[in-house]
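Beneath this line is the structure, given in structure tokens, with notes to follow.
Every number in this text was worked out from the coordinates using simple rules, so none of it is lab data. For clarity, every value in this text was computed on a predicted model and none was experimentally measured. No Cβ is skipped: glycine too gets one built from the backbone with ideal geometry, and neighbour counts run over all protein chains shown.
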Amino acid sequence: MSWLFLGVICLVFATIALVTWRKWIAPWRYIEQLVRQIAGGERPRTFLVDGGTLAQRVGLALESIFRRQQQLDQQIAGRESGTQTILGAMQDGLLVVDTRRYITLMNQTFENLFDLRDAALGAPLLETVRNATLDGLIAETLLTGKPTQSELTLTDSKSNADRHVEVSAVAMKDHTDLTTGAVVLFHDITQLKRLDQVRSDFVANVSHELRTPLSILRGYIETLVDYPETSRGELSRILQVMERHSKRLGLLIDDLLSLAQLESSHTNLEIGQVRLRELFDHVLRDWKEKFAEKNLKVIVDLQSDAPPIRADGTRLQEVLYNLLENAVKYSRENGEIRLQAAQRNSEIVLSVSDDGIGIRKDDLPRIFERFYRADKARTRELGGTGLGLAIVKHIAQLHGGRVEAESEPGRGTTIRVLLPIRTV
């Protein structure tokens, strides 16, 4: 009988233990597992918890927390994506550092400017960029709390050319006005520097080109004023020199006005049908005497049935005048000039070739720049404004075309103007 009683007691205890396990211990262990999964970013298979009401409520609460966490993660990811998109689209470099000058944020433009490879957030700025000037600028901003500006000159690792960058640093502050870091913007002003240099060079060149003939004219005028009894022979010589330099001034001013008009955004071409044979004949008649002065042989290479092209005839005539002026100027006595027009794919190629002194390879890429002279001494001796090829280039570009140059010292030069064939 005692054995039976003992068995019943054991069975009761076992039942109580099982119920307790299923209702209190197992649910909370499962809840503990749910918490670990949520903390690890995993999605639990189910939030339904067997057991008491309290455990079931906790399971439902965890499900609500998990869904809220998912929503917050999506919002954070969306904002992060938007932030990265904005940073990636910025043409200016962006850098954010903390008070220790450790990098907390940077965009791709900043990395490209400083040619960074695998740059990491949280790294010291000076060790990452290795630019003491930039580090000092940011240190000053953090120390004073005031905006600072400066310019940096960086070397492009690919082209080995200098890049000029304007740097602006602004301190970040919290609600207590305590400096917490700095935001730094990097604006590439290389092109502005180049344009400024071009403008300065242009003004200097124009001043020089105007000063020389004006000085000569003023000198001879003073001579005539101081010595009114100058002989007729000397007077004739002086007047001839003055006339030559006044013409040079006139040509320079005409070319400057023409170039200014071509570079203006309001320039319009008068497009019409241009018959190349008629254009060539007209230009050659105007230059007949110039060719004869050097006894130059002119060869025209143009098909008799060449179709008309759509272009601004007056501007094309200006192109040929400038090209022939250079060809005649640099040709030797009894030399040869070739005037050619041909179709190359979808372009019409107009070219003027001579067998003159030629141009060095180093100078060739720059001959279409304003006032650029490959041989300054010889060019000034032969005359000219130094603007002719720049005008040719601009007229070609207005037609949607381009220019080419080919030359060999002692063998001559060929200048080509390539114009797209217009169908309308």
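Can you list residues from other chains, or at least 5 along the same chain, whose modelled amide H is less than 5 Å from the amide H of Ile337?
Those qualifying (amide H under 5 Å, at least 5 residues apart or on another chain) are Lys297, Val298, Ile299.
How much net charge surrounds Val184 when only other residues with a Cβ under 13 Å from its Cβ are counted (Lys, Arg +1; Asp, Glu -1)?
Every neighbour counted, the sum reads -4.
Of the listed peptides 408-415, 173-180, 386-393, 141-148, what is their order by residue-averaged count of other C-beta atoms within 10 Å, with the highest listed first? Could you put the intermediate results ahead of the total?
On the way: 408-415: 17.1, 173-180: 9.8, 386-393: 22.4, 141-148: 15.4.
Ranking the peptides 408-415, 173-180, 386-393, 141-148 by packing returns 386-393, 408-415, 141-148, 173-180.
In percent, how large is the relative contact order of the stretch 256-316, given Cα pairs closer than 8 Å and 6 or more residues apart? Present the calculation step by step, with values, prior to reporting the outcome.
Working: 38 pairs, mean separation 34.1, N = 61.
For the stretch 256-316, the relative contact order is 56 percent.
Can you work out the Karplus-derived ³J(HN,Hα) for every residue in the stretch 406-411? Use 6.51 cos²θ - 1.76 cosθ + 1.60 with θ = phi - 60°, whole Hz, and x for glycine or proline.
Whole-Hz 3J(HN,Hα) from phi for the stretch 406-411: 9, 7, 9, x, x, 10.
Can you list the residues, at least 5 places off or on another chain, whose amide H is less than 5 Å from the amide H of Leu105, using H built in the peptide plane?
Here Val96 satisfy the definition.
Among the lysines, which have Cα under 29 Å from the Cα of Lys173 when same-chain residues fewer than 8 positions away are ignored?
Lys146
Calculate one ³J(HN,Hα) per residue across the stretch 277-282 by plugging θ = phi - 60° into the Karplus curve 6.51 cos²θ - 1.76 cosθ + 1.60, and present them in order as whole Hz with x for glycine and proline.
Rounded to whole hertz, the list is 4, 5, 4, 5, 4, 5.
Give me, ordered by chain and number, the residues 5 or more places off Asn131 or on other chains with an amide H under 5 Å from its own placed amide H.
none
Go through the stretch 184-189 residue by residue and turn each phi into a ³J(HN,Hα) via Karplus (6.51, -1.76, 1.60, θ = phi - 60°); whole Hz please, and just put x for glycine and proline.
Here the 3J(HN,Hα) series is 10, 10, 10, 10, 6, 10 Hz.
Viscosity 1.306 mPa s, temperature 10 °C: what is the translational diffusion coefficient of the stretch 188-337 from Stokes-Einstein with a Kirkwood Rh over Cα pairs, rounded to a whole number of µm²/s?
81 µm²/s
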